[in-house]
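Asks: My questions all concern the structure below.
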Amino acid sequence: MTSSAGSHILTREIGQARATQKEIRGGKSPERGQLVVQTMIEERIERIEERLRESGNIPEASRAELLKLLTALRDEVGTLARSHEEDARSIARFVDASAHEVTRAEKKPKLIEAALNGLTGSVEAVEASHPKLAEVVNQIAVVLSNMGL
């Protein structure tokens with residue numbers, strides 16, 4: 001293979017990789033990708049809120065507190081998603097997993113602990129730059145932990 005043919009193949013592969021990245025990010029611009037990520041996170045939080053409202057396994061006071069904290073989380077994670085997409089996704093996923101585990105009819109303490117450890121760990125990387133987010137996530141973890149006991 002000649003060097004120009006190899007160069008052409010490499011250029012084509014790089015172009016395909018970039019196109020794939022754009023598809024994964026949800027569009028042709030970083031802004032659109034961020035919007036897609038924010039929408040996905042908001043939808044996840046809405047599903048968590050719905051699960052909390054429908055669950056018969058949650059004391060009313062805890063339900064009200066968690067719904068209030070999820071409203072604060074939505075605002076904070078939306079801000080985070082603009083600068084730290086992956087961290088924002090992780091936080092939303094661990095909130096979802098934690099809420100799932102504590103709302104189960106049959107509690108599994110090891111799964112609750114693993115989900116809550118993931119939740120608190122997911123915010124550590126952005127704690128210095130987003131202290132309010134860290135505070136909200138830690139409050140959610142405390143409420144969910146108390147429910148899991």
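The values are calculated or read from the model by the stated rules, or taken from the named source; none is laboratory data. From a predicted model like this one, the values you see are computed outputs, not experimental measurements. Here the Cβ is made from the backbone with ideal geometry for all residues, glycine too, and neighbour counts use every protein chain on show. Areas reflect the complete protein model, heavy atoms only, side chains present, ligands, DNA and RNA absent. Shrake-Rupley method; radii C 1.70, N 1.55, O 1.52, S 1.80 Å.
Asks: So, for the range 33-106, what is the accessible surface per residue at a probe of 1.4 Å, expressed in square angstrom? Please report the intermediate quantities before stating the final value.
Replies: Details: 3750 Å² over 74 residues.
Accessible surface, normalised per residue, equals 51 Å².
Asks: While we're on this one: Highest mean first, what order results for 49-59, 107-117, 64-74 on Cβ atoms within 10 Å?
Replies: On the way: 49-59: 13.2, 107-117: 15.3, 64-74: 17.2.
Going from most to least packed, we get 64-74, 107-117, 49-59.
Asks: Among all the aspartates and glutamates, which ones have a C-alpha under 17 Å from Lys68's C-alpha, if same-chain residues fewer than 8 places away are not counted?
Replies: By straight Cα distance, Lys68 reaches Glu42, Glu43, Glu46, Glu49, Glu50, Glu54, Glu60, Glu76, Asp96, Glu135.
Asks: So, one more: Which distance in nm do the two modelled labels at Glu86 and Glu42 give, with both placed 7 Å along the Cα-to-Cβ direction?
Replies: It is 2.5 nm.
Asks: Stretched out fully, how many nm does the piece from Glu127 to Arg51 gain, at 0.36 nm a residue minus the Cα gap?
Replies: Answer, rounded to one decimal: 24.6 nm.
Asks: Calculate, for Glu135 and Ala61, the FRET efficiency according to 1/(1 + (r/R0)^6) with r their C-beta to C-beta distance and R0 22 Å; round to the nearest 0.05. The partial results should precede the final answer.
Replies: Details: r = 20 Å, r/R0 = 0.90.
Here the calculated transfer efficiency is 0.65.
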